[in-house]
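To start, the structure itself, in structure tokens.
The values are calculated or read from the model by the stated rules, or taken from the named source; none is laboratory data. Remember, it's a predicted structure, so these values are computed and weren't measured experimentally. Here the Cβ is made from the backbone with ideal geometry for all residues, glycine too, and neighbour counts use every protein chain on show. Only protein heavy atoms, including side chains, enter the accessible area calculation; ligands, DNA and RNA are left aside. Shrake-Rupley method; radii C 1.70, N 1.55, O 1.52, S 1.80 Å.
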Amino acid sequence: MSDDKIGMNHGAGGEVMANLISKTILDNLTKKSVNNGISLDELDDGATIPIGDYEIVLTTDGHTIDPLFFPGGDIGRISASGTINDVSVMGAKPLAISNAIIIQEGFSIEKLDRIMKSLNETCKEVDVAVITGDTKVMQQDKLDGIIMVTTGIGIAKKGKIIRDSTLNIGDKIIITGSLGDHGMSIMSFREGFDFETDLKSDVAPMWNVIKKALKVGGITAMKDPTRGGFANAINEMAHKSGKGIILDQETIPIKKEVHAASEMLGIDPLEVANEGKVIMSVKPDKAQDVLKAIKSEEYGKQAAIIGEVVEGDYVVIKTQIGGERILESPIADPVPRVC
Ligand code: MG
């Protein structure tokens, strides 16, 4: 791909995409925040608009997943979950989403019906409304299937917003469940692997889990490890905070079917997308209570404390045999069109 054209890497969540976003997108925009809220430049999971005693959280997401229906979900569930989760990890209660649909001429109405029912069921789980939308159709040769764009809005009391860049030394790192399920299941499904297991996507709205954790308190930062996987998200949190993180490999939950698929595909499960997981940093004296609260929810049963924030510049994983390796951000997501 020549330097003056968009390549798949430009949408893959790695360094190439980061350069495109900063140079061609952010630098062309001038007003990027309102009332001194969190701005576009901060590239957090959402932006905020402070109004009176509250802060409105706004976030948006385009969904191009292939295939549209996959083990554990479909484009409707992922469109709702992705946006709801980006609002939720800001510490805000998600209230509503908008839903713009761009459909290929010839697309099955029965499939669209299934997708909309799935989106609706997902929103119902966390009491989120769909309050506005748009529907467009493009000619058969101009689009592949369907694209959905959702925007989410949520609300928090002033001062209660949680960032992805505010780690403190000594904080414990909690992951709300097993890593790599979504990306690895999509990839295996596409490759036609026929595992005798229930390898499926984790796609889910995480507000009920986050709400319980917020109630306990002590959460200093949050992020959902979607595109680019856990490796990308944890490095972003560490770098933005100017801190290091030490993780204990033995405590990182990864399902054995995910391990198996990752070996066959040669892909690191820490580098692929998760669609129903949250990384939290928590004050050490609250970590056990937050963990217990998370585990009481359906989507948090496999939660674990996996590490600690330290002085430093790197994310380091301590291995079982006493070794250490630096966990780096992937150059690009190894699996395109996963979300
Ligand atoms: Mg996010």
Point to revise | Relative contact order (%) - criterion: Cα under 8 Å, at least six apart; region: the stretch 1-104 | key: 15 percent
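In whole percent, and with a 1.4 Å probe on the protein chains, what portion of the accessible area of the chain is carbon and sulfur?
Carbon-and-sulfur percentage of accessible area, whole number: 52.
Cross-link list Lys256/Lys283; Lys200/Lys295; Lys31/Lys277; Lys240/Lys286; Lys93/Lys277: which exceed 25 angstrom alpha carbon to alpha carbon? Don't skip to the answer; put the middle values down first.
On the way: Lys256/Lys283 30 Å; Lys200/Lys295 20 Å; Lys31/Lys277 32 Å; Lys240/Lys286 23 Å; Lys93/Lys277 17 Å.
Pairs exceeding 25 Å: Lys256/Lys283; Lys31/Lys277.
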Point to revise | Prolate/oblate/rounded call for the stretch 291-339, Cα gyration tensor, a/c under 1.5 rounded | key: oblate
Review point. In whole angstrom, how far apart do the alpha carbon centroids of the stretch 42-95 and the stretch 300-320 sit?
Key: 25 Å
Revision key, fill the gap. For the stretch 1-49, the Debye formula with one identical point scatterer on each Cα and no solvent gives log10 I(q)/I(0) at q = 0.22, 0.23, 0.28 Å⁻¹ as -0.82, -0.87, -1.06
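Could you work out the helix-only [θ] at 222 nm for the chain, with each DSSP H run of four or more residues adding -39,500 (n - 2.57) and the total divided by the number of residues, to the nearest 500 deg cm²/dmol? Spell out each step's value before the answer.
Working: 8 runs with 90 residues, N = 339.
Computed ellipticity for the chain at 222 nm equals -8000 deg cm²/dmol.
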Point to revise | Cα-projected label distance for Asp66 with Leu43, points at 7 Å along beta-carbon direction, nm | key: 2.5 nm
Study note, to complete from the structure: Counting only DSSP loop positions in the stretch 276-305, the trypsin sites (Lys or Arg not before Pro) whose Cβ has at most 15 other Cβ atoms within 10 Å are Lys301
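Once you list every other residue whose beta carbon is under 13 Å from the beta carbon of Asp53, what net charge do they have if Lys and Arg are +1 and Asp and Glu are -1? Mind dumping the intermediate values first?
Numbers: positive: Lys157, Lys158, Lys160; negative: Glu55.
Spelling it out: positives minus negatives among the neighbours equals +2.
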Check your understanding: With each pseudo-label sitting 7 Å past Cα toward Cβ, what's the Asp127-Glu311 distance in nm, one decimal?
Key -> 4.6 nm
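Per residue, what accessible area does the stretch 177-217 have, given a 1.4 Å probe and all protein chains present, in Å²? Before the final figure, lay out each step's value.
Numbers: 1680 Å² over 41 residues.
That works out to 41 Å² per residue.
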Review point. For the chain, modelled as a GNM with alpha-carbon contacts under 10 angstrom, which of Ile306, Ile321, Ile147 fluctuates the most?
Key: Ile321
Point to revise | Separation of the Asp113 and Asn35 label points, Cα + 7 Å toward Cβ, nm | key: 4.4 nm
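Sort the stretch 194-339 into rounded, prolate or oblate with this rule: let a ≥ b ≥ c be the square roots of the eigenvalues of the Cα gyration tensor; rounded if a/c is under 1.5, and if a/c is not under 1.5, prolate when a/b is larger than b/c, oblate otherwise.
Numbers: a/c = 1.57, a/b = 1.15, b/c = 1.37.
It is oblate, given that a/c is not under 1.5 and a/b is not larger than b/c.
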Practice item. At a 1.4 Å probe radius, which order do Arg190, Arg163 fall into by accessible area, largest first? Key: Arg190, Arg163
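Rounded to the nearest whole Å², what accessible area per residue is found for the stretch 221-310 with the 1.4 Å probe? Can you show the working numbers first?
Working: 3530 Å² over 90 residues.
Accessible area per residue, the stretch 221-310: 39 Å².
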Review point. Quick one: how many Å² of Lys211 are accessible to a 1.4 Å probe, rounded to 10?
Key: 100 Å²
Practice item. Indicate the gyration tensor shape class of the chain (rounded, prolate or oblate), computed on the Cα atoms with a ≥ b ≥ c the square roots of the eigenvalues: a/c under 1.5 is rounded; otherwise a/b larger than b/c is prolate and the rest oblate. Key: rounded
Practice item. Can you list which of the GluC sites (Glu not before Pro) found in the stretch 104-183 are DSSP loop residues with at most 15 other C-beta atoms within 10 Å? Key: Glu105
Exercise for review: Report the full-extension gain for the segment Asp53 to Glu250: residue separation times 0.36 nm, less the Cα-Cα distance, to one decimal in nm.
Suggested key: 66.6 nm
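Grab the Cα-Cα distance for Lys292 and Val16, subtract it from 0.36 nm times how many residues apart they are, and report the gain in nm with one decimal. All intermediate terms of the calculation are to be shown ahead of the outcome.
On the way: separation 276, 0.36 × 276 = 99.36 nm, distance 3.89 nm.
Full extension of this stretch gives 95.5 nm more.
Given a Förster distance of 41 Å, report the FRET efficiency between Gln320 and Ile6 from their Cβ-Cβ distance, rounded to the nearest 0.05.
Numbers: r = 42 Å, r/R0 = 1.02.
My answer for the efficiency is 0.45.
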